[in-house]
Amino acid sequence: MIHFFGKKFYKVFVLVLCFSFILFIPSCDKKSEELKDGEIYLYYTDKDKTELQKEKYKIENTDTEDVVDEVIKKMCETSNNLNEVTAKPDYVEINSYSITDTNTVNVDFNIAYNEMGKVEELLCRAAFVLTLTQIDNIEYVTFTINDMPLMYIDNTKESVGPMKAEDFVDICKASNSVNFVNKYEMKIYYLNKDMTGLVAVDCTKLNNKSASVEKMIIEKLIQGPDKNSGYVRTLPEDAKLLNVMTKDGICYVNFAKGFLDGKVDCSPELEVYSIVNSLCELSYVNKVSISVAGETDVTLRDEVSFKYEFSRNLDYME
């Protein structure tokens with residue numbers, strides 16, 4: 001009898017989750033049910049430069065070149081929302097922009113573009129691409145710096161190249177299309193019982209299909225291991241995740257300011273590599289970049305610098 005009701009309760013629980021998730025289906029696609037004819041979304045960032053924001057905008061022009069000119073100028077103006085700021089910093093200037101290959105907009109910036117931090121630069125790119133590719137006949141966006149191709153920050157031999165909206169769908173705040181529950185299996189690296197190394201713990205979680213697995217991994221680390229497991233948490237329980245996103249094999253994890261002051265019974269190296277090793281279990285994550293309030297030029301407990309990306313390291317395993 002108890003076994004029967006356990007199964008019945010589980011089915012009801014999953015159904016409730018399914019219906020609770022089917023509330024709305026926002027999208028980053030060009031055609032959105034929320035938009036009227038001639039409207040697009042202008043993408044900005046929040047004041048802390050940690051995530052994208054968007055607001056509706058009614059296009060006034062009809063010619064594609066005029067629309068591109070109108071939209072880029074509007075993106076560089078102050079938003080009507082006090083909580084939003086332009087994705088392009090004031091010190092970064094746009095030299096020119098033009099339509100190339102009929103379906104591509106090229107935006108040329110001055111050399112100050114290279115002064116942006118990793119998270120800020122990534123959000124800037126995402127904002128321009130997600131905004132401009134909503135314009136009819138525009139499918140791609142390219143960036144140049146003083147007429148030279150934009151290069152990846154950590155690979156000066158490889159150019160970023162043409163970018164499309166789908167490249168940034170995981171960064172778009174309203175990109176989740178939620179319509180049913182899925183089961184996710186993850187490996188989370190906690191501190192072992194002797195607190196001398198990391199141990200990989202298999203975890204499962206029910207969530208909507210398009211949920212960010214990266215976010216679930218960080219949330220599991222903050223939540224900590226099961227009390228009866230004997231394992232020890234590696235992240236402060238009051239740590240707050242601002243956002244997490246993966247682009248070009250690099251997972252960008254951005255914590256709130258209090259992260260550096262959090263208390264945990266774990267060395268800073270083990271704390272960092274519990275994050276890195278857990279995320280690098282995902283096949284599409286090769287490196288991890290950690291920032292605090294959008295800043296990477298910080299040091300965890302005066303020992304581990306966040307200035308560079310981290311790769312998986314199994315030397316810290318038990």
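The values are calculated or read from the model by the stated rules, or taken from the named source; none is laboratory data. Computed from a prediction, not measured in an experiment: that's the story for all the values here. Here the Cβ is made from the backbone with ideal geometry for all residues, glycine too, and neighbour counts use every protein chain on show.
One residue stands out among those in the range 76-114 that are closer than 16 Å to Lys49 by Cα and touching a Phe, Trp or Tyr at 6+ places or on another chain (Cβ under 7 Å): the one that is modelled with the lowest pLDDT, which is Ser79. Taken as a whole, the range 114-125 holds no residue that is farther than 30 Å from Val298 by Cβ, touching a residue at least 60 places away in the same chain (Cβ under 8 Å) and not in a loop (DSSP other than H, G, I, E, B). A Cβ distance below 8 Å, combined with a sequence gap of six or more or placement on separate chains, defines the contacts here; from the range 150-166, residues that are of a type in the set (D, E, K, R) reach no residue that is at pLDDT below 75.
Restricting the range 259-274 to residues that are buried (at least 16 other Cβ atoms within 10 Å of the Cβ) and in contact (Cβ under 8 Å) with a residue 60 or more places away in the chain, the residue that is farthest from the chain's Cα centre (by Cα) is Cys266. Contact map, the range 291-318: residues that are within 24 Å of Asn192 (Cα to Cα) and basic (Lys, Arg) paired with residues that are assigned to a strand (DSSP E or B) and modelled with pLDDT of 95 or more, Cβ distance under 9 Å, separation 6+ or inter-chain. Pairs shown: Arg312/Lys287; Arg312/Val288.
Output yes when any residue across the range 283-296 is touching a Pro at 6+ places or on another chain (Cβ under 8 Å) and either more than 13 Å from Ile218 (Cβ to Cβ) or surrounded by 18 or more Cβ atoms within 10 Å (Cβ to Cβ) (or both), and no when none is. No, the range 283-296 contains no residue that is touching a Pro at 6+ places or on another chain (Cβ under 8 Å) and either more than 13 Å from Ile218 (Cβ to Cβ) or surrounded by 18 or more Cβ atoms within 10 Å (Cβ to Cβ) (or both). For the condition part of a helix (DSSP H, G or I) and in contact with a strand residue (DSSP E or B) (Cβ under 6 Å, 6 or more places away or on another chain), Ile275 does not qualify.
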